[in-house]
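Remarks on the structure that follows.
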Amino acid sequence: MQKRWKLFDPLSQEQQDLQRKITEEFKCPSLIAEMLIRKDLTDIEEIRKFFSPSLDNVSDPFLFKDMEIAVNRIIKAIENKELITIYGDYDVDGTTSTALLYLGLKKIGAKIDFYIPHRMIDGYGLSLSGIDQIKENGSRLIISVDCGINAIEEVEEINEKGIDIIITDHHNPKDVLPNAHAIINPKISGCDYPFKDLSGVGVAYKLLMGIYQKLKIDSQEFVGKYVDLVALGTIADIVNLVGENRIFASLGLERLFNKQNIGLNALINIAGLSHKELNSADIVFGIAPRINAAGRMGSALRAVELMVSTDDTESHELAEIIEKENSLRQQIDQKTFEEACDIIDEKYKNLDEIKCVVVSSDNWHPGVIGIVASKLVEKYYRPAIMISFHDGIGSGSGRSISGFDLFQALSSVEEYLETFGGHKYAAGLSILIEYLDIFENKLQKYAKEHLDSKQLVPLLQINSKLELYEINEHLLEWLNKFAPFGPGNMRPIFITEKVMLVGFPYNVGKNHLKIKVVKDGCTLDLIGFNLGDFLPFLKKGDFIDITYSLEFNTWQGRTTIQGKLKDIHFVED
């Protein structure tokens, strides 16, 4: 797909002076200093903190509105031996949140249980059937994680049953909040917590840290014990990896690599990742889909049971079940994706006039439509909503593109929806089949008013021009200090102009392009994932402009520098 290349403006004279100062202070390449400046990191001490992530540099949990109320109620429940139930969502963020609070509260003597709704039976978020079961089990306190911020009716039902509920969530709240005992969410009005981009597990972790702080057991051992779960949920939920999220991700990946969690270690082994130091891509493409598969294809309870397991045999058995569910999920994904593409190609005769796509079917598994919606966005680069209907009621999942707030878009048509919720770039909804056509018409109108044609061409933000002779291990080692990479902290992309193709380009795997280029006597091997369509237009000796990122590639014990090709522009004669 065609991309728009955009290079940052040159540094100002003042910024160039800062660049020299940073380069001298850290003995780093000038390119590294430039990247720091573009991240607004210009203070020497702040740069040191950036390169050395530490839990000492996160904010006090009691800056959250209602934190004091929530912590006091939980400590009271622990002291009175009340049963506390953690109510979680069925995705990675929700299951890691559930496991974290279960383990963290159990460690300090809480009488604790957890409940994960079944996607097919309970639907998303707090469910009345789940609440009934929790009541029957004798629970006096519910702590929701990664859900509940818009569950007005369900919270009223909980209150009527004589149960207290503390909501921890990070999703966007609507104008009216539930009448909960306490709400811990950085996005609610009046919350002074400075970092607003926490994941659900990040919010749950702050609650646990508030409890530990109140009980004066917030030692390094306690504070860092569950940060691997925080990293997993944070990276998987595709929140911005900046600020506290980057700290959690960095320290948590290190803990995952050191195999501190028996259950996760079993899953890492079965995913074939035990031989390497884990990065954020390993989580997004290797671990997260497997955990999500448990909730999509069966019961997410298995995922929580895996994360809280202390037995090697049990962990291995659970990991094998989840692996099988993931294999089934992949098969259904592909079939659903192909069907959705056929519908889009048939339904929208002139896609250039369409600003978003809405597709539905009575035959789709509700557990995979979110994943497939992401694939549709990748292919068509438009906001995409997929809806699976059953008995006239549709369960939908949407994904968006840069610059289009899907949550706000759904807010504009909420009168036609039964429920909806989510983020700027990902949302869920339910809808009656009779409202489908008017819902899509109104949504299309909103999209046309808020998206221009330029936004429907993916933007490739290029960090800097780079010559091949500047690429070496020293540069790569410095670039890796910016990890973990993810939204808000993407791996830097470079442009090198007028390189010559050497050897013969070829495709590998599923449409991945392999090329080798040379300039000024220096060569670089590159792989372009899903760029195989370029192959017929490339031949040995061609001159091209390339955009790419850089990474170390280890193969058969040998480590080399490899470029990850992002796009190609052909140089005119």
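The values are calculated or read from the model by the stated rules, or taken from the named source; none is laboratory data. Bear in mind the structure is a predicted one, so any value in this text is a computation, not a measurement. Here the Cβ is made from the backbone with ideal geometry for all residues, glycine too, and neighbour counts use every protein chain on show.
In table form, for the structure just shown:
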read-out: Tally, over the stretch 1-18, of residues that are surrounded by 12 or more Cβ atoms within 10 Å (Cβ to Cβ) and more than 32 Å from the chain's Cα centre (by Cα); value: 3
read-out: Single match in GLN444, GLN461 (criterion: out of contact with any helix residue (DSSP H, G or I) (no Cβ under 7 Å at 6 or more places or on another chain) and either surrounded by 17 or more Cβ atoms within 10 Å (Cβ to Cβ) or under 25 Å from PRO173 (Cα atoms) (or both)); value: GLN444
read-out: Selection from the stretch 181-201 of residues that are buried (at least 24 other Cβ atoms within 10 Å of the Cβ), closer than 23 Å to ALA77 by Cβ and either at pLDDT below 95 or not β-branched (Val, Ile, Thr) (or both); value: ASN185, GLY200
read-out: Residue check for GLU317: assigned to a helix (DSSP H, G or I) and without any contact (Cβ under 8 Å) to a residue 12 or more places away in the chain; value: yes
read-out: Flag if LEU410 is under 27 Å from the mean Cα position of the chain (by Cα), buried (at least 18 other Cβ atoms within 10 Å of the Cβ) and of a type outside the set (S, T, N, Q); value: yes
read-out: Any hit, the stretch 340-359, residues being under 22 Å from the mean Cα position of the chain (by Cα), modelled with pLDDT of 90 or more and part of a helix (DSSP H, G or I); value: no
read-out: Pairs where the first residue, in the stretch 443-459, is modelled with pLDDT of 95 or more and the second is assigned to a helix (DSSP H, G or I), C-beta under 6 Å, 6+ apart; value: TYR446/ALA409
read-out: Test: residue in the stretch 64-74 that is in contact with a helix residue (DSSP H, G or I) (Cβ under 8 Å, 6 or more places away or on another chain), assigned to a loop (DSSP other than H, G, I, E, B) and in the same structural domain as ARG246 (by TED's automatic domain parsing); value: yes
read-out: Among the candidates LYS111, LYS39, residue that is more than 30 Å from ASN511 (Cβ to Cβ) and in contact with a Leu (Cβ under 7 Å, 6 or more places away or on another chain); value: LYS111
read-out: Residue check, ALA236 crowded, with 22+ Cβ neighbours inside 10 Å, out of contact with any Phe, Trp or Tyr (no Cβ under 6 Å at 6 or more places or on another chain) and among the hydrophobic types (A, V, I, L, M, F, W, C); value: yes
read-out: Residue in the stretch 542-558 that is in a strand (DSSP E or B), within 18 Å of LYS498 (Cα to Cα), assigned by TED's automatic domain parsing to the domain that holds VAL502 and among the basic types (Lys, Arg) present; value: no
read-out: Qualifying strands (runs of 3 or more DSSP E) (wholly inside the stretch 101-177; at least 2 residues being in contact (Cβ under 8 Å) with a residue 40 or more places away in the chain); value: 141-145, 164-168
read-out: Residue identified as hydrophobic (A, V, I, L, M, F, W, C) and surrounded by fewer than 20 Cβ atoms within 10 Å (Cβ to Cβ) among LEU376, LEU417, LEU429; value: LEU417
read-out: Only listed residue being over 21 Å from GLY488 (Cα atoms), without any contact (Cβ under 8 Å) to a residue 60 or more places away in the chain and outside the structural domain of ILE149 (by TED's automatic domain parsing), chosen from SER400, SER388; value: SER388
read-out: Test: residue in the stretch 431-447 that is closer than 30 Å to LEU526 by Cα, of a type in the set (Gly, Ala, Ser) and either under 27 Å from the mean Cα position of the chain (by Cα) or outside the structural domain of LEU513 (by TED's automatic domain parsing) (or both); value: no
read-out: Given (1) surrounded by fewer than 20 Cβ atoms within 10 Å (Cβ to Cβ); (2) over 26 Å from ARG302 (Cα atoms), number of the condition GLU317 does not satisfy; value: (2)
read-out: Test set (1) over 21 Å from ASP197 (Cβ atoms); (2) outside any helix (DSSP H, G or I); (3) at pLDDT 95 or above; (4) not charged (D, E, K, R) - MET1 fails condition number; value: (3)
read-out: Flag if VAL203 is in a helix (DSSP H, G or I), assigned by TED's automatic domain parsing to the domain that holds LEU105, in contact with a Phe, Trp or Tyr (Cβ under 6 Å, 6 or more places away or on another chain) and β-branched (Val, Ile, Thr); value: no
read-out: Selection within the stretch 470-493 - free of Cβ contacts under 8 Å to residues at least 60 places away in the same chain and either under 29 Å from PRO383 (Cα atoms) or in contact with a Lys or Arg (Cβ under 8 Å, 6 or more places away or on another chain) (or both); value: MET490
